[in-house]
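The values are calculated or read from the model by the stated rules, or taken from the named source; none is laboratory data. These figures come from a predicted structure and were not determined experimentally. In this analysis, Cβ positions are derived from the backbone assuming ideal geometry, glycine residues included, and neighbour counts consider all displayed protein chains.
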Number of protein chains: 2
Amino acid sequence: MMYGKLTALSGKRGELVAILLEAVQQLEDNEDCYLYIVSISDEDADSVWATELWKDAAAHAASLTDESALALLQRGRPLIAGVSPIRLKALGGKGF
Amino acid sequence: MMYGKLTALSGKRGELVAILLEAVQQLEDNEDCYLYIVSISDEDADSVWATELWKDAAAHAASLTDESALALLQRGRPLIAGVSPIRLKALGGKGF
């Protein structure tokens, strides 16, 4: 489980959200990706949060080598001012 | 979407995790609870993270009035040193 807080350049959050939602569509058929939810916070106009849950770190890494994912990363990177991940270990629960 | 970071009293994380996982079992049949995932972090021995996604705030509030949920809250509260929620708005993605 990972919470990825992306800080967009001022005024670029909407564009970044659109790119992330496009990326998620490509993950629909990826069985190793259990969760990828894009969220925003009313308390912080520039941040976008990706809540991710993958089968394992290798599955996540492999997804980043995919050509279309790389193209989206290329488009998104110039919009990002900072990235702060919170890496967690999911122990159990509902929905995954 | 909410990330609830619970800081357990020193040495009490395991007990708190067990209570949260017990609480989640009671949510299996709650259709308004889309996600409730209990996680820990290797970087912080006392924190437990609840990743929650509910139909709406009212559904979440209603779940806390349930008798068995209240009993679990009663058991968990003495183990908790601090609570810091991150409230988000889920825009889209995979898995909910």
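Structure notes:
- Among (1) among the β-branched types (Val, Ile, Thr); (2) in contact (Cβ under 8 Å) with a residue 24 or more places away in the chain; (3) out of contact with any Ser or Thr (no Cβ under 6 Å at 6 or more places or on another chain), the one test that A:THR7 misses: (3)
- Output for region A:42-60, where each listed residue is loosely packed, with under 11 Cβ neighbours inside 10 Å and in contact with a strand residue (DSSP E or B) (Cβ under 9 Å, 6 or more places away or on another chain): A:ASP42, A:GLU43
- The one condition in (1) within 25 Å of B:LYS5 (Cα to Cα); (2) over 13 Å from the mean Cα position of the chain (by Cα); (3) without any contact (Cβ under 8 Å) to a residue 24 or more places away in the chain that A:THR65 fails to fulfil: (1)
- Filter result (within 14 Å of the chain's Cα centre (by Cα) and not aliphatic (A, V, I, L, M)) within region B:76-94: B:GLY76, B:ARG77, B:GLY82, B:SER84, B:PRO85, B:ARG87
Residue-wise test of (1) farther than 14 Å from A:ALA8 by Cα; (2) among the basic types (Lys, Arg); (3) modelled with pLDDT under 95.
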| residue | (1), (2), (3) |
| --- | --- |
| A:ILE37 | yes, no, no |
| A:ASP44 | no, no, yes |
| A:VAL48 | no, no, no |
| A:ALA57 | yes, no, yes |
| A:ALA61 | yes, no, yes |
| A:ASP66 | yes, no, yes |
| A:GLN74 | yes, no, yes |
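- In summary, A:LEU9 fulfils each of the numbered conditions (1) at pLDDT 95 or above; (2) more than 13 Å from the chain's Cα centre (by Cα); (3) of a type in the set (A, V, I, L, M, F, W, C); (4) under 30 Å from B:GLN25 (Cα atoms) with the single exception of condition (4).
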